[in-house]
Structure formats: structure tokens, C-alpha cells
Amino acid sequence: IAPVEHVWTLWGYHLLTDIANQVVIEDPAGLIAGWQARLTPYPQPLQKAILKKHLGSLNYWRTDYHYRNKVERGDVVFLASITARLVHDIMQVLFAINHTYYVGDGNNLHYVAKFLIKPNDIERRIQAILYPPPTENVLVSQYEAILALIDEVILVAAQQNMGE
């Protein structure tokens, strides 16, 4: 299921997340309960689709000439958006390999902190990537940090036999 874009959500509305996490107060026909039952356990086809999409993006941008060129030129507008995009791809991969429905725009690091399968110190590293301390070569440092994290996420996914 493709996320539906709305003004109030950066990465799209994720129906499966809402269905999986709803606390149903009244469902006399069992309609919602039936939907929820179909989402447990976490569907392997969904996992494969998410990994294909987001690992594909990480692998592409990991070696993209234009990305490196934007770092060298100091194109902060491009770099701000690509950095957020790559962190989003990393989040999607981590949620999928941990059999957890992506929560959407909010509180991702709170969930990632509880995951069993993740690169070491990921919460601090992501915060440092998104909000790097000002240094002389801040954009190069940010670029190198995200590439290192991408490499680890790709490795973690492959170790789970999920990087197909």
C-alpha cells in the first residue's frame, strides 16, 4: 500500500500503521479486528517491498556523484533535503527489519531506541547527522557520517537475510 500524501504529514499517511495500532472501542461486526488480525504477524511481502524501496534508495545515493558534488559545492538546501530523505530511508529499513509498522512522522527515534536490531548508538548518530555541530568541514563530516551509517544499515539488513 502506497503512503497517501497529505499536507499534515511529511512522508505520507500510512494506513497499515493506523490499523495495526488502533485501540478498538466498538466493532460489533469485527471488521477492524479482522483487519488487525491480517497484520499479525508482520507480513513478509510488506517487509520485502519496504526493504526493496528504501535499501534501493540508500544504495543509489550512497554512490551518487551529484550528492558528493553538492557536498563539495556547499549546497545546503539540497543537502538538508537529501539528509532528511536518507534518514527517512534508514528509519523505514530499521522498522521493517524489526517487524514493526512504521509510525509515520513522529517519535521515530523513540521507537528505534527500543529495537533489538540496529546499528550501535544509532539515536545519537542520527541526531548528530541531522543537527551536526558547527565545524570547518561540517558538510563533509555530515556526509561521511551518513555514508557510514548507510553502510551499517545495509550490513544489518543483509545479516538478517533481508537485503534482497
| request: Compute the distance in nm between two label points, each set 7 Å from the Cα along the Cα-to-Cβ direction, one at Arg62 and one at Glu144. | output: 1.9
| message | Just to be sure I follow the definition: excluding the sites themselves, where is the longest run in the chain that has none of the chymotrypsin sites (Phe, Trp or Tyr not before Pro) in a DSSP loop with at most 15 other Cβ atoms within 10 Å? | response | 9-114
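What is the extension gain from Tyr131 to Gln159, computed as 0.36 nm multiplied by their sequence separation minus the C-alpha to C-alpha distance, in nm to one decimal?
Taking Tyr131 through Gln159 to full extension adds about 7.2 nm, to one decimal.
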| What accessible area per residue comes out for the range 68-136, rounded to a whole number of Å², with a 1.4 Å probe? | 52
| query | On the first, second and third principal axes, largest extent first, how far apart are the outermost C-alpha atoms of the range 29-79 in Å? | reply | 59, 20, 10
| query | By what distance, in whole Å, do the Cα atoms of the chain stretch along each of the three principal axes, largest value first? | reply | 62, 36, 25
| note | Over the chain, the sum of -39500 (n - 2.57) across DSSP H runs of at least four, divided by residue number and rounded to 500 deg cm²/dmol, gives at 222 nm -20000 deg cm²/dmol
| Burial ranking of peptide ranges 21-30, 146-155 (average Cβ count within 10 Å, highest at the top) | 146-155, 21-30
| task | Using the Karplus curve 6.51 cos²θ - 1.76 cosθ + 1.60 with θ = phi - 60°, work out ³J(HN,Hα) for each residue of the range 134-147 in order, rounded to whole Hz, and write x for Gly and Pro. | result | x, 9, 4, 10, 4, 6, 5, 4, 4, 4, 5, 5, 6, 5
| task | Tell me which residues come under 5 Å, amide H to amide H, from Tyr13 once H is placed; ignore anything under 5 positions away on its chain. | result | Val4, Glu5, His6
| Carbon and sulfur together cover what percent of the accessible area of the range 83-124 at a 1.4 Å probe radius? | 51
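The values are calculated or read from the model by the stated rules, or taken from the named source; none is laboratory data. The shown structure was predicted, so the numbers you read here are calculated from the model rather than taken from an experiment. Note that each Cβ is placed from the backbone with ideal geometry, even for glycine, and that neighbours are counted across all protein chains shown. Heavy atoms of the whole protein, side chains included, go into the accessibility calculation; ligands, DNA and RNA do not. Shrake-Rupley method; radii C 1.70, N 1.55, O 1.52, S 1.80 Å.
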